[in-house]
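What follows is a set of notes on a single structure, which appears directly below.
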Amino acid sequence: MITELRSENEFDHNFNRDLFTLVLPIALQNLISAAVISADVIILGMINQSAMAAVSLAGQITFVLTLFYYGFSTGVGIQTAQYWGKKDIGSIGNILDIALIFSESISILFFLLSVSIPEMLMSMFTNDSELIRYGAIFLRTAAVSYLAMGLSQMYLSAIKSMEKAGVSAAISSFALILTILLDTLTVLVLFPGQPENAIIGVGVSTVIARLVELGLCLLHSKRNNNVRIHFSRPNAIEKILFKDFMKYTLPVQANYLVWGGALTLTTTIIGHVDSDMVAANSITSAVRNLATVLCSGVAGGGAVLIGKYLGKDDLISARKAGDRLNIYAFFFGVMAGITILISKPLILHLVNLNNTAADYLNGMLIISAYYCVGKSINSTNIGGIFPAGGDPQFGFWTDMIVMWGIVLPLSYLGAFVWHIRPVLLYGIISLDEVIKLPVSIIRFRKYKWMKNITRDPEPLR
């Protein structure tokens, strides 16, 4: 009994140490990333509400692109974490090569669309001519950043899954802080009171920051003898890993597209309901992202450790880790909600909104506070633990049913048939995490997600 207790305490100590070594850099990176989005919204909001709303809507294009990055990087993370547990560095390098080809191909496509037809893209989200014009300006300016992101995001995902979250966070954080500094200089110093020039400046700032980020990744890649950014000719081992990459990435990719597509459509619904609601939603999203940085850190760090345990065939540790991750997710979700409620008066004071938009914002922040608990647990399970354990299909089917079968139809009916109040509409849009929560917990408790998905490529060498 005493031996078991000591073993349990030792596991808790080691797990907590390893987890928070990963969580803190990931959370810091997420915090700065959310801060950049928040800064863009707040800084542009100081000049013009329309400029703020337009850039927020244009950001939906970047968001859709990011969904592809999430899918590919999750695929990288699933395999990298488990092969890292197995200490097979060669396979990790091959997996990164595969991911780079996919991510850069998608980046080129979004670059071409944003440069050639930005007005058409903006018209999907709003029929307000001013918002379309401002958003198109931003898309054309910021499009080059996509080409850099396609490379840097895959590399950062790979090294993060190799327990180098500190390096990944440092590179991303530097680029993101640079974005905030350049945005502030552009909007408040160079072009105060000039919405169009300010939007161009924000776009240029984004491009510069992403190029710097890629440069830092290339520098680290050159100095790192294990994993590098390059495109190599496929070999026999890589062809096998390609099949595995597709097997575990496609369901995750489909999941992100299903979830993100639904989220984009809800944004579209909001954009066609009320421009004041667009402005309030922009700020609410930014605040919610800031409040949940530790939640996403737990999900990201936990996925790395789960994958490592499973790669070593340590199922007992993987199960223990999953149990503790769910407890942490609940705690940080509650803390995120409390943070939103406490900071609500300050947020309402800082933003320059008309009375109607401010009223919407007040109600949407209250709803978001409760939303955070479900979001934290679901992202830890569906977005972290399950994919890391080789069970990426669950998230796809859950979001397909919940988002497309329940939330979207109700949102459409609420907006265009029932004509309910915007705050109530936002409540319907936020139902997804509430519905998914019990399903997520039940699935976790069955422990069917625990799988070692690594291969031994030695016979092929």
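Brief remarks on what is shown
- A single entry from Ser91, Ser123, Ser107, Ser114 fulfils the requirement of being touching a residue at least 60 places away in the same chain (Cβ under 8 Å) and of a type outside the set (A, V, I, L, M): Ser91.
- If you filter segment 292-317 down to residues that are in contact with an Asp or Glu (Cβ under 9 Å, 6 or more places away or on another chain) and crowded, with 24+ Cβ neighbours inside 10 Å, you find that the one that is farthest from Ser173 (Cα to Cα) is Lys308.
- Taken over segment 381-419, the criterion of being buried (at least 16 other Cβ atoms within 10 Å of the Cβ) and β-branched (Val, Ile, Thr) is satisfied by Ile382, Ile385, Thr398, Val402, Val407.
- Whether a residue is in a helix (DSSP H, G or I), among the polar types (S, T, N, Q) and free of Cβ contacts under 8 Å to residues at least 60 places away in the same chain was assessed, and Thr179 does not pass this test.
- Residue satisfying all of: in segment 244-286; charged (D, E, K, R) and part of a helix (DSSP H, G or I); surrounded by the fewest Cβ atoms within 10 Å (Cβ to Cβ) among these: Lys247
- In segment 323-350, the residues that are under 20 Å from Phe386 (Cβ atoms) and assigned to a helix (DSSP H, G or I) reach residues that are charged (D, E, K, R) and modelled with pLDDT under 90 with C-beta atoms within less than 9 angstrom, at least six apart or across chains, in these pairs: Arg324/Asp12.
- Among the residues listed as Ala136, Ala170, Ala148, Ala143, the single one being within 15 Å of Leu22 (Cα to Cα), modelled with pLDDT of 85 or more and among the small types (Gly, Ala, Ser): Ala170
- Number of the exception - Ile229 against (1) in a loop (DSSP other than H, G, I, E, B); (2) surrounded by fewer than 17 Cβ atoms within 10 Å (Cβ to Cβ); (3) of a type in the set (Val, Ile, Thr): (2)
- Taking the listed residues Pro422, Pro409, the one that is farther than 17 Å from Arg288 by Cβ and not charged (D, E, K, R) is Pro409, with no other qualifying.
- Filter result for Ile401 (among the β-branched types (Val, Ile, Thr) and either in contact with a helix residue (DSSP H, G or I) (Cβ under 8 Å, 6 or more places away or on another chain) or under 21 Å from Phe332 (Cβ atoms) (or both)): no
- Boolean, Asn289 is surrounded by fewer than 22 Cβ atoms within 10 Å (Cβ to Cβ), out of contact with any strand residue (DSSP E or B) (no Cβ under 7 Å at 6 or more places or on another chain) and at pLDDT below 80: no
- Any hit, segment 188-198, residues being in contact (Cβ under 8 Å) with a residue 24 or more places away in the chain, in contact with a Lys or Arg (Cβ under 8 Å, 6 or more places away or on another chain), assigned to a helix (DSSP H, G or I) and not charged (D, E, K, R): no
- From Gly374, Gly363, residue being touching a Pro at 6+ places or on another chain (Cβ under 9 Å) and assigned to a helix (DSSP H, G or I): Gly363
- Restricting the search to helices (runs of 4 or more DSSP H) fully inside segment 399-461 and requiring at least 3 residues that are of a type outside the set (Ser, Thr, Tyr) and within 30 Å of Gly75 (Cα to Cα) gives 432-446.
The values are calculated or read from the model by the stated rules, or taken from the named source; none is laboratory data. On a predicted model such as this, the values are computed, not experimentally measured, just so you know. When we count neighbours, we look across all protein chains shown, and the Cβ atoms used for this are built from the backbone with ideal geometry, even at glycine.
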